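S.K.: Here it is: the structure, laid out below.
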Amino acid sequence: MFTFVPGPPEVPSQVTLPMNLRFAADELIVKSIVYSTRNASNDIEDTIQIWCNITNDNLIGSFPNSLHIQVQHDDHFRLNNTFQTGNLVLQFQQTATGNPASYQPQPLISSQNPQQTFGKVSLTIEFVKLAQK
């Protein structure tokens with residue numbers, strides 16, 4: 001994750017995904033989080049939190065960076081407004097070694113010194129429109 005730099009504007013530890021859904025979504029559902037360490041001895045134990053720009057609470061998940069994990073979820077997050085087109089922004093934030101994740105904004109993992117997160121993360125998300133709000 002320390003070398004991940006997406007297309008312009010390039011911000012390490014942040015993913016900006018242009019979206020064009022076929023419907024105006026009311027919720028984002030996190031279905032799974034998978035983290036694979038490149039070499040477990042390289043990662044310094046920390047909890048990485050996942051921040052999202054379009055949800056009410058912004059924090060949509062976390063994972064320990066020192067373990068291989070594959071966790072199934074069914075976590076529902078209401079969106080700020082209905083979302084159909086625009087950018088979905090995900091940030092991978094540090095929480096300070098050994099401390100639990102926090103709802104407060106945290107520095108991006110790319111600013112860790114020394115770097116402590118080296119693996120690969122995969123998220124499965126789903127957008128849904130509610131029949132009745």
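The values are calculated or read from the model by the stated rules, or taken from the named source; none is laboratory data. Just so it is clear, the structure is predicted and the values come from calculations on it, not from any experiment. Positions of Cβ are generated from backbone atoms using ideal geometry, with glycine treated the same way; all protein chains shown enter the neighbour counts.
S.K.: Taking the stated definitions as given, is VAL5 within 21 Å of ASN113 (Cα to Cα), surrounded by fewer than 16 Cβ atoms within 10 Å (Cβ to Cβ) and at pLDDT below 95? Show your work before the answer.
M.R.: Details: within 21 Å of ASN113 (Cα to Cα): yes; surrounded by fewer than 16 Cβ atoms within 10 Å (Cβ to Cβ): yes; at pLDDT below 95: yes.
Considered against the rule, which asks whether it is within 21 Å of ASN113 (Cα to Cα), surrounded by fewer than 16 Cβ atoms within 10 Å (Cβ to Cβ) and at pLDDT below 95, VAL5 comes out as yes.
S.K.: For region 35-90, give me the residue count where each residue is closer than 16 Å to VAL121 by Cβ, of a type in the set (Gly, Ala, Ser) and part of a loop (DSSP other than H, G, I, E, B).
M.R.: Selection size over region 35-90: 2.
S.K.: While we're here: Going residue by residue through region 56-67, is there one that turns out to be of a type outside the set (D, E, K, R), touching a His at 6+ places or on another chain (Cβ under 8 Å) and closer than 18 Å to LYS31 by Cβ? It would help to see each step written out before you state the result.
M.R.: Taking region 56-67 first, the residues of a type outside the set (D, E, K, R) are 56, 58-67.
With the extra rule that they be touching a His at 6+ places or on another chain (Cβ under 8 Å), the set shrinks to 61.
Filter once more, so that each one left must be closer than 18 Å to LYS31 by Cβ: 61.
Yes, region 56-67 contains at least one residue that is of a type outside the set (D, E, K, R), touching a His at 6+ places or on another chain (Cβ under 8 Å) and closer than 18 Å to LYS31 by Cβ.
S.K.: When you scan region 99-108, do you find a residue that is at pLDDT 80 or above, closer than 22 Å to LEU17 by Cβ, of a type outside the set (A, V, I, L, M) and part of a loop (DSSP other than H, G, I, E, B), even just one? Give the derivation first.
M.R.: Kept after step one, since they are at pLDDT 80 or above, are these residues of region 99-108: none.
No.
S.K.: Is it true that some residue in region 19-27 is closer than 18 Å to SER110 by Cβ, of a type outside the set (Val, Ile, Thr) and either part of a loop (DSSP other than H, G, I, E, B) or touching a Gly at 6+ places or on another chain (Cβ under 7 Å) (or both)?
M.R.: Checked region 19-27: no residue is closer than 18 Å to SER110 by Cβ, of a type outside the set (Val, Ile, Thr) and either part of a loop (DSSP other than H, G, I, E, B) or touching a Gly at 6+ places or on another chain (Cβ under 7 Å) (or both).
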